[in-house]
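Structure, as structure tokens:
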Amino acid sequence: AKSNGRGQYSFYDAQTDESLQSRRAMIRDLRDALKTDGLSLNFQPLFDADGTTLTGYEALARWTHPRHGAVSPMVFIPLAEEAGLIEELGAWVLNRACLEAVTWPATVDLSVNLSAAQFRGDLVGTVKGCLATSGLPASRLHLEITESLLINNTDAVLRTLHGLTGLGVRIAMDDFGTGYSSLAYLWRFPFDKLKIDRAFTQNLEQDPKVDLIVKSIISLAHSMGIRVNAEGVETPQQLARLQSHGCDELQGYLLGRPSAANLLDHAHARHDAQ
Ligand code: C2E
Ligand code: CA
Ligand code: CA
Ligand code: CA
């Protein structure tokens, strides 16, 4: 069984679960799932500013628990981090996603989420291995990181980021605007893309201040040569605002929901070579 890909997860929530034993059991089950190919990936389409040209897909991890049903990645990713399983899980996601992406048209890129904890291992080696095994050109791989990684902004993290760009992959800052000193990170590292968090997109219409913030973020990013993606586009009104602000890439339920690899429709991929 697979997740329905509509963000409807089971009631299981580690946060509200008093039983440590059950938490341990979930970790054991997650470890099993990793061993037995019990995880899967969904892919959500990303579109050009026109809202119709397919530019890529974001890989999103899915876990259907044998008894609890679909568990949200907001639950099992932190669980994997806590249990020391995130390196293995992260490498599985990267491998799986790259093998899938080589079957897509050459103009369609792949975005993969990275957990800060993956930066403790040999991330450059892992990414290099996935590219070699799959044959996916590095330039088609976008790695999404969050600001939390840069909070303890160590030289080691920056070295790893430079190691990754050295391979030719692209780096995107995810959930932009939700962390602390977001702007400070823009000059510390040359990001290729910035993803405006869904919370902004969803308040565009109701709050003129949010509209102004989004407009300013886009113009600031552009002045630094950084492309901008807006997440969580759910209404035609949000789409129109983002387009008028010059947003480069759009993502959200209005344009396409995450779905299983075998259901993807590449019909609107760009035909010309890049
Ligand atoms: P994210 O990276 O910000 O991913 C976008 C999330 O927003 C996804 O939730 C997606 O299904 C959802 N989404 C997309 N468009 C819309 C929309 O229009 N409206 C609404 N309400 N939601 C939308 P999902 O798949 O549940 O993933 C949640 C988070 O879990 C991700 O947030 C990411 O932080 C994490 N995650 C998922 N897969 C992985 C993975 O392979 N590795 C790591 N490290 N984290 C992952
Ligand atoms: Ca993401
Ligand atoms: Ca995000
Ligand atoms: Ca997020």
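Based on the Cα gyration tensor of the stretch 18-91, what are the three equivalent ellipsoid semi-axes, each the root of five times an eigenvalue, rounded to whole Å and given largest first?
Details: eigenvalues 176, 29, 25 Å².
Output for the stretch 18-91: semi-axes of 30, 12, 11 Å.
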Checklist entry - Which residue, chosen from LEU85, VAL169, ILE213, occupies the Cα position most advanced towards the positive end of the dipole of the chain, where the dipole is computed from +1 (Lys, Arg) and -1 (Asp, Glu) charges on Cβ about the Cα centre? => result LEU85
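Work out, step by step, the length gained on full extension between ASN262 and SER219: first 0.36 nm times the residue separation, then minus their alpha carbon distance; give nm to one decimal. All intermediate terms of the calculation are to be shown ahead of the outcome.
Details: separation 43, 0.36 × 43 = 15.48 nm, distance 3.74 nm.
The span from ASN262 to SER219 would gain 11.7 nm if fully extended.
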Checklist entry - By the gyration tensor of its Cα atoms, with a ≥ b ≥ c the square roots of the eigenvalues, what is the shape of the stretch 69-158: rounded for a/c under 1.5, prolate for a/b over b/c, or oblate? => result oblate
Checklist entry - Mind checking the dipole of the chain: about its Cα centre, +1 per Lys or Arg Cβ, -1 per Asp or Glu Cβ, Debye to the nearest 20? => result 360
Checklist entry - Counting pairs of alpha carbon atoms under 8 Å apart in space and at least six apart in sequence, what relative contact order in percent does the stretch 82-203 give? => result 22
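Report the number of Lys pairs in the chain whose alpha-carbons are under 21 Å apart, with separation of 8 or more residues or on distinct chains. Display every interim value, and only then the final one.
Details: LYS2/LYS35; LYS128/LYS193; LYS193/LYS215; LYS195/LYS209; LYS195/LYS215.
Here the count comes out as 5.
Dipole of the stretch 138-274, Cα-centred, from +1 at each Lys and Arg C-beta and -1 at each Asp and Glu C-beta, to the nearest 20 debye?
Numbers: 13 positive and 16 negative charges, 56 e Å.
Charge dipole of the stretch 138-274: 260 debye, to the nearest 20.
Rounded to the nearest 500, what is the chain's calculated 222 nm mean residue ellipticity when only DSSP H runs of at least 4 contribute -39500 (n - 2.57) each, over all residues? Spell out each step's value before the answer.
On the way: 10 runs with 107 residues, N = 274.
Using -39500 (n - 2.57) per qualifying helix, the result is -11500 deg cm²/dmol.
Going by a ≥ b ≥ c, the root eigenvalues of the Cα gyration tensor, does the stretch 180-274 fall in the rounded group (a/c under 1.5), the prolate group (a/b larger than b/c) or the oblate group?
oblate
What stretch of the chain, leaving out the sites themselves, is the longest with no trypsin sites (Lys or Arg not before Pro) in a DSSP loop having at most 15 other Cβ atoms within 10 Å? Don't jump to the answer; show the numbers that get you there.
Working: sites that count: LYS2, ARG6, ARG67, ARG270.
It runs 68-269.
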Item to check | Euclidean distance of C-alpha centroids, the stretch 182-228 and the stretch 45-84, integer Å | outcome: 22
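Answer rounded, prolate or oblate for the chain, using the Cα gyration tensor with square roots of eigenvalues a ≥ b ≥ c: rounded when a/c is under 1.5, else prolate when a/b is larger than b/c, else oblate. Numbers along the way, then the final one.
Numbers: a/c = 1.35, a/b = 1.30, b/c = 1.04.
Rounded is the answer for the chain, as its axis ratio a/c remains below 1.5.
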Item to check | Dipole of the chain [Lys/Arg +1, Asp/Glu -1 at C-beta], most positive-end residue of ALA33, LEU20, ALA101 | outcome: ALA33
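Just so you know, all these numbers are worked out from the coordinates, no wet-lab data involved. Since the structure is predicted, the reported quantities are computational estimates derived from the model, not experimental observations. Virtual Cβ from ideal backbone geometry, glycine too; neighbours counted across all protein chains shown.
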